[in-house]
1. Accessible area per residue of segment 29-149 at 1.4 Å probe, in Å²?
2. Could you sort 90-98, 73-81 so that the peptide with the highest average Cβ count within 10 Å comes first and the rest follow in order?
3. Taking H as built 1.01 Å from N, whose amide H comes closer than 5 Å to the amide H of PHE202, not counting residues under 5 places away?
4. Accessible area of segment 37-124 with a 1.4 Å probe: how many percent of it is carbon plus sulfur?
5. Run the dipole for segment 94-137 about the Cα centre, Lys and Arg Cβ at +1, Asp and Glu Cβ at -1, nothing else charged, and hand back the magnitude in debye, nearest 20.
6. Using alpha carbons only, what's the Rg to Rh ratio of segment 199-254 with Rh from Kirkwood?
7. Which value, in Å² and to the nearest 10, is the accessible area of ARG174 when all protein chains are kept and the probe is 1.4 Å?
8. May I ask for the net charge around ASP209, where only other residues with Cβ less than 15 Å from the Cβ of ASP209 are counted and Lys, Arg are +1 while Asp, Glu are -1?
Amino acid sequence: MILQRLATSIRKQDWFTVLIETLIVVFGVFLGIQLGNWNKANTDKATERQILSQVQADVEAAVALKAEWLASITAHRQKLIEAIDIVQNEPETEMLADEACRAMWSSHLLFYPVAPLGSLDELLDRGGLHTSRARALRPALLTYRDHREVIRQLNTSLTGLANLGDTYSDAFPRRVMSPTTREAAVIDPAEKHAARVTDATFQTACVLDVIRADQTIQNKLLSNLARTDGVLQRVIIELSALEKIEADLLETAP
């Protein structure tokens, strides 16, 4: 109707009416665009709030998982240091405790836990941040993004670890455990942490005389220890970045 009246006014050369009708059309188009933008902004904010809620749950789970892993590997590393010290500096010691022996022959077994952080990636990949909470989170997100490439290199750090049990059978002889002993190993809660090194299927001994006589074995143990330290440092970086995101999320919680 407006366009019809505008055309009629032009034919009659009623320029005042033409101006008014034109302003009405322009204002209507402008109002429609603004309304569309407002609706889109509200939709984006609602979507982002849902993502932030999922991010909080994902980050909390990741922090708990990685903190537990870090504590476990730190304890493993300490046992490995103690075992190497006995091998190199305590010649009077004739036997190793089971945990120290396990730390040596399993020194190549580092299974890094991958926590699902799809929501965090989704938030990082968004073209813009629409809510005040997300914008407040931006510095922590950028820090995590900067460290993410370093974190992704963990798999590279985990390669090349020496499998001493397979390579040096005289130093680390294995035998299959009896069914009764194997079942006890599976059931015993104190041994659950050892499932990752297949203690439930075989038992590995450490022959100290052979290990002490072979410097190559000792060098590889030290190399595995150094690689473990490298992995720990990367995990500490990742955990610190995730804990900062977690803290910021709690601080800005509605």
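1. Per-residue accessible area for segment 29-149 comes out at 55 Å².
2. For the peptides 90-98, 73-81, the packing ranking is 73-81, 90-98.
3. Sorted by chain and number, the residues that satisfy this are MET177.
4. Using a 1.4 Å probe with all protein chains present, segment 37-124 comes out at 54 percent carbon and sulfur.
5. Its charge dipole is roughly 440 debye.
6. Checking Rg against Rh, the ratio lands at 1.35.
7. Roll a 1.4 Å probe over it and ARG174 shows about 100 Å².
8. Combined, the nearby Lys, Arg, Asp and Glu give -4.
The values are calculated or read from the model by the stated rules, or taken from the named source; none is laboratory data. Only a predicted model underlies this, so the values are computations on that prediction, with no experimental measurement involved. Neighbour counts run over all protein chains shown; Cβ positions are idealised from the backbone, glycine included. Heavy atoms of the whole protein, side chains included, go into the accessibility calculation; ligands, DNA and RNA do not. Shrake-Rupley method; radii C 1.70, N 1.55, O 1.52, S 1.80 Å.
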